[in-house]
Amino acid sequence: MSRILILGGTTEARALCSLLAARSIEAEVSLAGRVPGTDYPLPVRSGGFGGAAGLARYLREARIRALLDATHPFAAAMPWNAAEAADGAGLPRAMLKRPPWLPGPGERWRGMPDLAAAAAALPAGARVFLATGAGSLPAFASCRDCRFLLRQMTPPGPLPDHVEVLVARPGATAAEEAALLRAHRITHLVAKNSGGPARAKLDAARDLGLEVLLVARPLLPPGRLFARPEAALDWIEGLA
């Protein structure tokens, strides 16, 4: 067995792959789906595995010697599938997840265990910037007394009357995001605690004095956890 399998799809995964390639460490990266414009300096496998059993089979067939889960912090199923497959095969396994955001001075954050709790916490008449993706809309279907602004990069399908869609990329600065929030008279921001540098919407909410309902990440399986690609690289280089 010789290769490292990186479960990728994040900025941290790309950074780790660059470090591995620079050291000529044999590895490959698996993506749930290819994202245009994102290149990896390692061989790329696209598509799912078919659950923990399918991943375990791939680990055997591809002669993988260690598994590093660097998927998105809100990837709920894959970390557990990776743990079951790698631990069952007796392979070294670790996770690379960026640290969550923490509130600073002047920020009005309320932690939410899940989307349903966030929906229940919204007051009647709230005008909500929903920064949780189109897939989260069912959780807010019953909030007919609120108005929602949903931003996504592709045109949506049919939506409820109380949801407006903005087809656009996230603003690069807090000033851009604040202008958007003011223009739509937003009173609340609902977001997932993804962490990382892309927090302009949170800074804008702070500057405008808006309340933020921040949804907590899914529970991770027990195991070694790294916050930085360099730390994950040290672990990989230390493997026997």
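In table form, for the structure just shown:
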item	result
Free-standing Cys residues across the chain, given no other cysteine C-beta under 4.7 angstrom	Cys17
Calculated P(r) of segment 29-99 - Cα pairs past 18 Å, %	37 percent
P(r) of the chain over all Cα-Cα pairs, binned every 5 Å from zero, in whole percent	1, 6, 13, 15, 16, 14, 11, 10, 7, 4, 1, 0
Table column - 3J(HN,Hα) (Hz), segment 43-49, Karplus curve with 6.51, -1.76, 1.60, x for Gly and Pro	x, 10, 10, 10, x, x, 9
Extension gain from Asp145 to Ala183, taking 0.36 nm per residue of separation minus the Cα-Cα distance	11.7 nm
Gain in span if fully extended, Ala198 to Arg57, counting 0.36 nm per residue against the direct Cα distance	47.1 nm
FRET E, pair Ala76, Thr173, Förster distance 41 Å, beta-carbon r, rounded to 0.05	0.85
Amide H contacts of Arg93 (H built 1.01 Å from N, under 5 Å, at least 5 apart or other chain)	Leu67
Karplus-derived 3J(HN,Hα), 6.51/-1.76/1.60, for each residue of segment 162-168, Hz, glycine and proline x	8, 10, 10, 10, 10, 8, 6
Added length on full extension, which subtracts the Cα-Cα distance from 0.36 nm per residue, Ser24 to Thr154	43.1 nm
In segment 182-240, the GluC sites (Glu not before Pro) that fall in loop regions by DSSP, at most 11 other Cβ within 10 Å	none
Hydrodynamic radius of segment 108-215 per Kirkwood, over alpha carbon pairs, in Å	13.8 Å
Hz values of 3J(HN,Hα) by residue in segment 50-59 - Karplus curve (6.51, -1.76, 1.60), Gly and Pro given as x	x, x, 4, 5, x, 5, 4, 5, 5, 4
For the chain, built as a Gaussian network whose Cα springs stay under 10 Å, the top-fluctuating residue of Ala204, Ala191, Ala22	Ala22
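Taken together, the values in this text are just the output of simple stated rules run on the coordinates, not laboratory data. Since the model is a prediction, treat every value here as computed from it, not as a measurement. A quick note on method: Cβ atoms are made from the backbone with ideal geometry, for glycine too, and the neighbour counts reach across all protein chains shown.
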